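Input: a single structure, listed below in structure tokens.
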Amino acid sequence: MPEKQKELLLKEIRKLLPKCDTEGLVFLIKQAHTIIYNLHIDEMNKSLAKVEKMQPAKGRRRTAKPAAADEEKGGVRVEEAPGGKSFIIVLGTMRKVFSRVELQRLVAIAQAPAVEGDHAERLYSWFQKHRGDVLFDGRIGARRHPLLKNLARYLRSHYKVKK
């Protein structure tokens, strides 16, 4: 974004802020944090893509598009990212990088006592609040989307919550 355009937008925001009530300001702060966080995740995804392209050809599959998660696992897979500090969740053909803390939160949601469909709804709510990019890029528009149900099942069967 050109610097001049950014300055005009900042000026407009500064003009509007005094008119907002406390609840509105809290909402704006949360939205700003979400935007900044999503930008950080986008950078991580780009960096991971560069690392994957640099791997030797024999160590990776050559395909026109990213490998989809196995159908037998419901189109869901979790991989440890290079370096071991983050994880890649594969939902269908979509690949997203998650921090260890994020994965732990998702596992906790999947492990929580609930009726089967409730886990998918809880995951949807978490993604909606913290990682809207997953819902958007994965074209997940329903709280009980099959990929979310399968993700909950996968997380329950492959991970445990540390106590």
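The values are calculated or read from the model by the stated rules, or taken from the named source; none is laboratory data. Only a predicted model underlies this, so the values are computations on that prediction, with no experimental measurement involved. Heads up, the Cβs are rebuilt from the backbone with ideal geometry, glycines too, and the neighbour counts pull from every protein chain shown.
A quick yes/no check of all residues on (1) farther than 16 Å from Met44 by Cβ; (2) at pLDDT 90 or above; (3) surrounded by 13 or more Cβ atoms within 10 Å (Cβ to Cβ); (4) acidic (Asp, Glu):
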| residue | (1), (2), (3), (4) |
| --- | --- |
| Lys85 | no, no, no, no |
| Ile88 | no, yes, yes, no |
| Met94 | no, no, yes, no |
| Phe98 | no, yes, yes, no |
| His119 | yes, yes, yes, no |
| Ser125 | yes, yes, no, no |
| Arg144 | yes, no, yes, no |
| Arg156 | yes, yes, yes, no |
| Tyr159 | yes, no, yes, no |
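With respect to the conditions (1) over 18 Å from Leu39 (Cβ atoms); (2) without any contact (Cβ under 8 Å) to a residue 40 or more places away in the chain, Val107 falls short on a single one, namely (2). State whether the residues of the stretch 5-18 include one that is closer than 21 Å to Arg131 by Cα, of a type in the set (S, T, N, Q), part of a helix (DSSP H, G or I) and out of contact with any Asp or Glu (no Cβ under 6 Å at 6 or more places or on another chain). For the stretch 5-18, residues closer than 21 Å to Arg131 by Cα, of a type in the set (S, T, N, Q), part of a helix (DSSP H, G or I) and out of contact with any Asp or Glu (no Cβ under 6 Å at 6 or more places or on another chain): absent.
Pairs meeting the criteria (first residue in the stretch 16-40 and on the phi < 0 side of the Ramachandran plot, second residue basic (Lys, Arg) and surrounded by 10 or more Cβ atoms within 10 Å (Cβ to Cβ), beta carbons under 8 Å, at least 6 apart or on different chains) are Asn38/Arg131.
The sole residue among Lys46, Lys4, Lys15, Lys19 that is at pLDDT 70 or above and surrounded by 10 or more Cβ atoms within 10 Å (Cβ to Cβ) is Lys46.
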